[in-house]
Amino acid sequence: MGRYPERREHVLTTAPPPALHLSVALDGAGWHPAAWREPRARPDELFTARYWADVVAEAERGLLDFVTIEDGLGLQSARYGQPDARTDQVRGRLDAVLIAARVAPLTRHIGLVPTVIVTHTEPFHASKAIATLDYVSTGRAGVRVRVSSSPHEAAHFGRRGVPALNLRDRADPAVREFIAGLFGEAADYVEVMRRLWDSWEDDAEIRDAATGRFIDRDKLHYIDFAGDYFSVKGPSITPRPPQGQPVVAALGHGTGPAETVPAQVGPYRLIGRAADVGFVTPHDAGQARGIVAGIRAAQDAAGRVGETIHILADLVVFLGGDAVGRKHRLDERAGEEYASDAALFTGTPAQLADLLQEWQLAGLSGFRLRPGVMPDDLEAITRDLVPELQRRGAFRTAYEAGTLRGLLGLGRPANRYAPAGRSRP
Amino acid sequence: MSRPRKQIHLAAHFPGVNNTTVWSDPRSGSHIEFSSFAHLARTAERAKFDFLFLAEGLRLREQSGQIYDLDVVGRPDTFTVLAALAAVTDRLGLAGTINSTFNEPYEVARQFASLDHLSGGRAAWNVVTSWDSFTGENFRRGGFLPQDARYERARTFLRTAGELFDSWRGGEIVADKESGVFLADAGAGRFTHHDSHFDISGQFSVPRSPQGRPVIFQAGDSEEGREFAASSADAIFTRHGTLEDGQAFYADVKGRLARYGRARDQLLILPAATFVLGDTDADAQELAKQVRFQQVSGQTAIMFAEQLWNRDLSGYDPDGPLPDIDPAPGENTIARGRASVRMYRDPLAVAAQWRARAAAGNLSIRELIIEVTGRQTFVGAPATVATAIDTLVQADASDGFILVPHITPGGLDEFADRVVPLLQERGVFRSDYQGSTLREHLGLAPLGEAARAGRAAGGAAPAVSGAAS
């Protein structure tokens, strides 16, 4: 956005709003395509553990709730839905779940939320991978589920065809049906992951020497999921993870309530039905209000009235006194003005703090900030924005919980398969 | 003139979900908490082992229609644990068993290439396959594969993954800030593969990893498996741990290498081995006897007998004689998710052998099962065990061993502290790592252009090991 509200001087006469939840979205050298050419960028280290360990440690120094790690089943591309054959931008990446696992033992508090593509992969594998991430991080795992609509990623698997459609034409009923199918599959995928996480009761491992039994098999459960896209028997091979249910997140694009933008029905329904955290892309507070209403409606329709679903707005941020000039220079180097699905913010950390607090009033729990340039904009978040929010009493001053669910104020859920009263609280 | 003494290769197998693992021991810790994996990995690295090895099974075992509950049950995801272990170790190789039936090459290749990057060149892949619809019930395609197609699936899977690994030749990441060239070649990662199993094309998304590809392991023993190993594997995981048996296997497999233009030291033969240590040989023997009884309880003995008899034997007394009825004919239906039952190719003959052995030794069911499933390779004082290992390796019965402790996670500590120093004194085991990658630890030549042209293609098939311990 080009303009920012003046620093708001209005005094909070009522109780202050709840503290913000803040996360950062990690992707390569930063979200701007020319970020890798900045002086402090480390483009030749993007495929090393050291790079990822450093950036996640920086996020943890800033007491952020969690990091997300982007992923995809093909090379990055600046063209929607197809490869672009460009050589002037970062191309290639490592598996996000493995990056998260690699940094887990090196961090203690921050949540780790890798992206898992659900369209061509196995929910059984993903469920045990995220459960295991929860074990290796002692309760800090989440997963951001993402669909793949592109034919070239489908060709990497060769298992299903993708219709030849112009996916940008959301008025085309065939496009809408295809997209709805992808999101329907995603919801089933999350359902299978969640059932598998619960397929062992917490105290299933009994090690009863007297009877010779390692487990009480009555506390292991077949999930017997049968849907349009796959059937999964269960139980998981991995016991219930420390959080019981790791945090599930999904991104839903959109600018307003679902009823005004039918293409958003799929993503909103997925968030409402399956997610603990929804990432959204409003471009102003008014849009945020509409989106929140749309997701709450989807939540209620899914029978989840009263459950916590945090809605976090995505923002691409370029921070500092000369943020506008810096972004301009980056655009010049890239040869085009950077555009994003999310709103762009250029300004000082204090101005960003103003904006976050204003948008929060639209019903958002917090934000997922996409640093334009790494590590510059990440450090501006952790070293400038966070202290500013702390001064305003709007962000934590120390980690208050040992698990990601704890940081997000989500309790440890009861096991769906355990008789009432048998699940560890 | 005698040849130089061979250097021994040693690896640590995380205790498996079978009765080798004694979970009832008071020292036995978690099989799922990361701290247990970190403990074993750190011990192995302290002892300068080549690698740590994880098995895999994708469905919990069942017997008589119920989840098998007498052994350790449950394990973490292989890739995720190995990536985390890369953070708490610097040099130790990280070997994972990954199934080629219920995965797709693009995903597995990107996971192994990622692991190799994130560990600085320490990844290894034990390629296994399964065909059974029992395991398939957890996956999208179900039990889609006919039993006799599993070799071909595994072979083509590995060949396809090799093409993906090789689709980046190295050096494509320029990342030159000044010129703005990130990628030297817009076509990096491009691939096309068409056969009866995989019809895929596109661009692989992980740049060439430090080792080029993971070290390839093959487990199993069949004719096809041996030929596959000779053509395409870097190491074989076997069960031939004795002198004569090991020498025969070793000579056979090493003898096949020349046909593929490979040197004898470019395929390592590493049997799985267990060990029991004591202050004296007599102490160790006594301890080993106790361990065998812990490993085979009366209930476990009945379960093992059922797996051969393919019948409900719950009415039998484990301390009494073997059943005098014959095994039920036909497909083994009593135990599911267990590769070992397929080893009983002629149950009637095996049952006759067991009866004869029990009669000769006046053995109960439990005593007989202890005898026939005995998995104790090395028993003795540290000097005895060190000598035994060195003798087997120098006599070309193996190139080293994959050690399977029976206690989690501390079961390797004593071996590291008491046996490894003796092997180092003998000059047959490294006192420190000489290289940083697993290929270097194993003495494997770096992958060059030649390797890309031929080896990754894979000749024969990996063996079937649907639920390798």
message = Nearest 5 percent is fine: what portion of the DSSP beta bridges confined to the protein assembly as shown is antiparallel?
response = 20 percent
query = Dipole of the protein assembly as shown, Cα-centred, from +1 at each Lys and Arg C-beta and -1 at each Asp and Glu C-beta, to the nearest 20 debye?
reply = 520 debye
ask   = GNM, chain A, Cα, under 10 Å: largest mean-square fluctuation among A:GLY402, A:GLY278, A:GLY372?
value = A:GLY402
inquiry  = Antiparallel versus total DSSP beta bridges in chain A: what percent is that, nearest 5?
reply    = 10 percent
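Hey, can you rank A:66-73, B:430-437 by average C-beta count inside 10 Å, highest first? Can you show the working numbers first?
Working: A:66-73: 23.0, B:430-437: 14.4.
Answer by packing, highest mean first, reads A:66-73, B:430-437.
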remark   = For chain B the mean separation of alpha carbon contacts under 8 Å (6+ apart) over residue count, i.e. relative contact order in percent, is 27 percent
task = Going by C-beta contacts inside 10 Å, put A:ARG146, A:ARG168, A:ARG412 in order with the fewest on the left.
result = A:ARG168, A:ARG412, A:ARG146
Leading residue at positive end of dipole, chain A (Cβ point charges), from A:LEU94, A:THR211, A:THR403 = A:THR211
Protection proxy ranking of B:125-133, A:319-327, B:67-75 - average other beta-carbon atoms within 10 Å, highest first = B:125-133, B:67-75, A:319-327
ask   = With r defined as the distance between the Cβ atoms of B:GLN353 and B:ARG426 and R0 fixed at 41 Å, what FRET efficiency is calculated, to the nearest 0.05?
value = 0.55
key: Partner chain coverage, peptide A:192-205 - average Cβ within 10 angstrom   = 1
inquiry  = Mean Kyte-Doolittle hydropathy of -1.0 or higher plus an axial Cα length of 20 Å or more: which whole DSSP H helices in chain A meet both?
reply    = A:173-197, A:285-301
note = Per its Cα gyration tensor (rounded if a/c is under 1.5, else prolate when a/b beats b/c, else oblate), region B:60-129 is best filed as oblate
Estimated distance in nm for a label pair at A:ARG79 and A:HIS253, the labels positioned 7 Å out from Cα along Cα-to-Cβ = 1.7 nm
ask   = How about A:LYS233: which lysines have a C-alpha closer than 26 Å to its C-alpha, ignoring those fewer than 8 places off in the same chain?
value = A:LYS128, A:LYS219
query = By a straight-distance test (C-alpha under 21 Å), which lysines pair with B:LYS6 as possible cross-link partners, with residues fewer than eight away in the same chain excluded?
reply = B:LYS48, B:LYS254
inquiry  = Over chain A, with a Gaussian network built from C-alpha contacts below 10 Å, which listed residue (A:GLU153, A:GLU332, A:GLU185) shows the highest mean-square fluctuation?
reply    = A:GLU332
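Mean separation of Cα pairs under 8 Å and 6+ residues apart, divided by the residue count of chain A: what relative contact order is that in percent?
In percent, rounded to a whole number, it is 21.
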ask   = Taking the Cα-to-Cβ direction at B:GLN434 and at A:VAL305 and moving 7 Å from each Cα, how far apart do the two end points lie in nm?
value = 7.3 nm
query = Peptide A:47-60: average number of partner chain Cβ atoms within 10 Å per residue?
reply = 2
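Would you compute, from DSSP H runs of 4+ residues alone, the mean residue ellipticity of the protein assembly as shown at 222 nm, taking -39500 (n - 2.57) per run and dividing by the full residue count, rounded to the nearest 500?
So the helix-based figure for the protein assembly as shown works out to -10000 deg cm²/dmol.
Please state, rounded to one decimal and in Å, the Kirkwood hydrodynamic radius that the protein assembly as shown gives when every pair of distinct Cα atoms enters the mean of 1/r.
For the protein assembly as shown, the Kirkwood estimate is 28.9 Å.
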request  = Return, ordered by residue number, the residues of region B:285-303 whose backbone nitrogen is under 16 Å from a label point located 7 Å along Cα→Cβ of B:ILE325.
outcome  = B:302-303
task = Note down the relative contact order for region A:221-370 as a percent, whole number, built from C-alpha pairs under 8 angstrom at least six residues apart.
result = 21 percent
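For peptide B:24-31, how many partner chain Cβ atoms fall within 10 Å of a residue's Cβ, on average? Write down the numbers at each step before the final one.
On the way: counts 6, 1, 1, 0, 1, 0, 3, 3.
Across B:24-31, the average partner-chain Cβ count within 10 Å equals 2.
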query = What Kirkwood radius, in Å to one decimal, follows from the Cα pairs of region B:297-372?
reply = 12.3 Å
Chain B: antiparallel DSSP beta bridges as a percent of all, rounded to 5 = 25 percent
message = Whole angstrom only: what separates the Cα centroid of region B:88-145 from the Cα centroid of region A:329-383?
response = 38 Å
query = Could you name the lysines in cross-link range of B:LYS177, using Cα to Cα under 18 Å and dropping any fewer than eight places away on the same chain?
reply = A:LYS327
ask   = Given the alpha-carbon gyration tensor of chain B, what are the semi-axes of its equivalent ellipsoid in whole angstrom, ordered largest first, with each equal to the square root of 5 times an eigenvalue?
value = 37, 27, 21
ask   = Which of A:ARG61, A:ARG368, A:ARG391 moves the most in a Gaussian network model of chain A with Cα springs under 10 Å?
value = A:ARG391
message = How big is chain A along each principal axis, measuring the range of its Cα positions in Å and listing the largest first?
response = 71, 53, 45
ask   = Shape of region A:20-137 from its Cα gyration tensor (a ≥ b ≥ c, root eigenvalues): rounded if a/c is under 1.5, otherwise prolate when a/b > b/c, or oblate?
value = oblate
Cα-centred dipole magnitude for chain B, charges only on beta-carbon of K, R (+1) and D, E (-1), debye, nearest 20 = 900 debye
task = Please list the non-local residues whose amide H lies under 5 Å from the amide H of B:GLY278, H modeled 1.01 Å from N, same-chain partners needing a gap of 5 or more.
result = B:ALA284, B:GLY380, B:ALA381
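Any read-out appearing in this document is the output of simple, stated calculations on the displayed coordinates, not a laboratory observation. In this text, all values refer to a predicted model and were calculated from it rather than measured experimentally. Note that each Cβ is placed from the backbone with ideal geometry, even for glycine, and that neighbours are counted across all protein chains shown.
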